[in-house]
Amino acid sequence: NYSFRGLFSEEFPLLYFLNFIFDILLEEYIPEVKKHLDEMGITYDLWIGQWFQTLFTIILPVNWCKRLWDCIYSENIFFMVKFGIAFIRILKDDIMNKSEEIDIIDFFKDLQKYSLCPENAYLEQKIDINTLIIKASKIKLDPEDYIKLYKKKEEETFENFKKKMEKNQKISYILEYGNYI
């Protein structure tokens with residue numbers, strides 16, 4: 001339950017699994033955001049994957065990360081997915097108000113600017129970490145449910161999802177290096 005190895009091992013099996021589950025839950029809990037991102041050609045797996053791999057240190061203030069990590073270790077690694085959904089719910093209006101692909105990419109990059117600070121006024125104006133943790137905790141999906149959802153999807157669906165991720169190296173490059181191709 002607590003193994004993070006799959007986030008970094010060859011072919012990133014846990015990372016793909018968490019991204020896959022995030023995809024399903026985003027459609028279930030915030031379908032308008034998923035539709036908006038899909039219509040704009042933004043594949044959220046590129047940014048949410050970075051959030052998962054860094055345990056959200058790339059985007060959250062240090063004080064928030066400590067609180068989140070307590071929850072991940074006390075519940076399980078799948079808490080990150082629930083937290084990601086709760087976090088996107090908070091950012092929903094900001095995401096929906098962006099009408100260009102580059103605006104959304106810049107928005108996510110701007111959130112990263114303050115991740116090493118003990119505070120982040122932008123996020124703290126929207127919500128506090130304890131409320132966000134409570135909202136994430138209310139998403140009731142047992143790890144077994146995640147596995148069942150994963151198994152329900154046909155392998156072809158997962159392969160299409162994986163190909164979609166591979167096509168977006170350009171966006172990944174932009175997020176990582178800030179160059180516009």
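The criterion of at least 2 residues that are over 22 Å from K135 (Cα atoms) and out of contact with any Pro (no Cβ under 8 Å at 6 or more places or on another chain) is met, among helices (runs of 4 or more DSSP H) falling completely within segment 26-114, by 31-40, 101-112.
A residue that is farther than 20 Å from Y44 by Cα and at pLDDT below 90 occurs nowhere in segment 85-106.
Has segment 16-24 got at least one residue that is outside any helix (DSSP H, G or I), touching an Asp or Glu at 6+ places or on another chain (Cβ under 9 Å), of a type in the set (A, V, I, L, M, F, W, C) and surrounded by 19 or more Cβ atoms within 10 Å (Cβ to Cβ)? Scanning segment 16-24, I find no residue that is outside any helix (DSSP H, G or I), touching an Asp or Glu at 6+ places or on another chain (Cβ under 9 Å), of a type in the set (A, V, I, L, M, F, W, C) and surrounded by 19 or more Cβ atoms within 10 Å (Cβ to Cβ), so the answer is no. Here K34 does not fit the description of being open to solvent by 50 Å² or more (accessible area, probe 1.4 Å) and on the phi < 0 side of the Ramachandran plot. Just to verify a result, which residue in segment 83-98, among those that are open to solvent by 60 Å² or more (accessible area, probe 1.4 Å) and touching a residue at least 12 places away in the same chain (Cβ under 8 Å), is nearest to K140 (Cα to Cα)? Only one residue fits best here, namely R89. I'd like the full set of residues that are closer than 14 Å to I88 by Cα and open to solvent by 30 Å² or more (accessible area, probe 1.4 Å), limited to segment 43-57. Correct list: empty.
Being in contact (Cβ under 8 Å) with a residue 40 or more places away in the chain, open to solvent by 60 Å² or more (accessible area, probe 1.4 Å) and over 12 Å from the mean Cα position of the chain (by Cα) is a property that does not hold for M40.
The values are calculated or read from the model by the stated rules, or taken from the named source; none is laboratory data. Note that the structure is predicted; figures quoted are calculated from it, not measured. So basically every Cβ, Gly included, is an ideal-geometry build from the backbone, and we count neighbours across all protein chains shown. Just so you know, the surface numbers come from the protein's heavy atoms only, side chains and all, with ligands and any DNA or RNA stripped out. Shrake-Rupley method; radii C 1.70, N 1.55, O 1.52, S 1.80 Å.
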